[in-house]
1. Can you pull out every residue in the range 26-44 that is in contact with a strand residue (DSSP E or B) (Cβ under 7 Å, 6 or more places away or on another chain), modelled with pLDDT of 95 or more and among the charged types (D, E, K, R)?
2. Suppose the filter is without any contact (Cβ under 8 Å) to a residue 40 or more places away in the chain and surrounded by fewer than 16 Cβ atoms within 10 Å (Cβ to Cβ); does Ala135 pass it?
3. Is there a residue being under 10 Å from the mean Cα position of the chain (by Cα) and of a type in the set (Ser, Thr, Tyr) anywhere in the range 101-116?
4. Mind telling me which of the residues Ala122, Ala131, Ala114, Ala100 ends up being closer than 26 Å to Gly55 by Cα, part of a strand (DSSP E or B) and hydrophobic (A, V, I, L, M, F, W, C)?
5. Based on what the data block shows, is Lys134 modelled with pLDDT of 95 or more and over 28 Å from Pro37 (Cβ atoms)?
6. All but one of (1) under 29 Å from Ser18 (Cβ atoms); (2) of a type in the set (A, V, I, L, M, F, W, C); (3) in a loop (DSSP other than H, G, I, E, B); (4) modelled with pLDDT of 95 or more hold for Val83, so report the exception by its number.
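The values are calculated or read from the model by the stated rules, or taken from the named source; none is laboratory data. As the structure is a prediction and not an experimental result, all values here were calculated from the model. Here the Cβ is made from the backbone with ideal geometry for all residues, glycine too, and neighbour counts use every protein chain on show.
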Amino acid sequence: MSLTHFDGAGQAHMVDVSDKPDTDRIAVAECHIRMLPDTLALIESGSAKKGDVLGIARLAGIMGAKKTSDLIPLCHPLPITKVTVDLVPDAALPGVRIEASVKTTGKTGVEMEALSAASTAALTVYDMCKAVDKAMEIGGLRVLLKDGGKSGRYEAAPDASPRGGEPA
């Protein structure tokens, strides 16, 4: 096994995908942001000082997917065809669970775009609520699904832990 972003001399480079066929591709990523129960209640009530936290975080996640190649040096700019970002309050966490899905038809996958979307949404929740809860914690960022291309389908193992991937 070798890392694809390094050439024979060990220098970083953008992978040449010009000979790869265009295929339909999808990636889904998830993460969460933990917070105080009072912070979650503020978000759910819609009375946060900066406005609709979940709606703004959803838009930020979509923008994050679209800007991935501007942030990650060796990512290819991709013609993204669809981005969805779902933010679900979870009192058991307490916090918000975030899932991002990105689609394209192209020569390379959209895992980085899905990860960027989920993490950007979480960072936006943090930014909007930090005035009342500086101890919020973002975690669990991972790819759940990747499909399309030469390497085929990848699905993360189902998480059987009682806290959705968090250490017991």
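1. Selection gives Glu30, Arg34.
2. So Ala135 fails the test.
3. Yes - at least one qualifying residue is present in the range 101-116.
4. None of the others qualify; the one that does is Ala100.
5. Values: modelled with pLDDT of 95 or more: yes; over 28 Å from Pro37 (Cβ atoms): no.
Considered against the rule, which asks whether it is modelled with pLDDT of 95 or more and over 28 Å from Pro37 (Cβ atoms), Lys134 comes out as no.
6. The number of the failed condition is (3).
Residue-by-condition table, conditions (1) buried (at least 21 other Cβ atoms within 10 Å of the Cβ); (2) closer than 12 Å to Ala29 by Cα; (3) in contact with a Pro (Cβ under 7 Å, 6 or more places away or on another chain):
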site	(1), (2), (3)
Ile56	no, no, no
Thr68	yes, no, no
Pro73	no, no, no
Val83	yes, yes, no
Ser101	yes, yes, no
Ser151	no, no, no
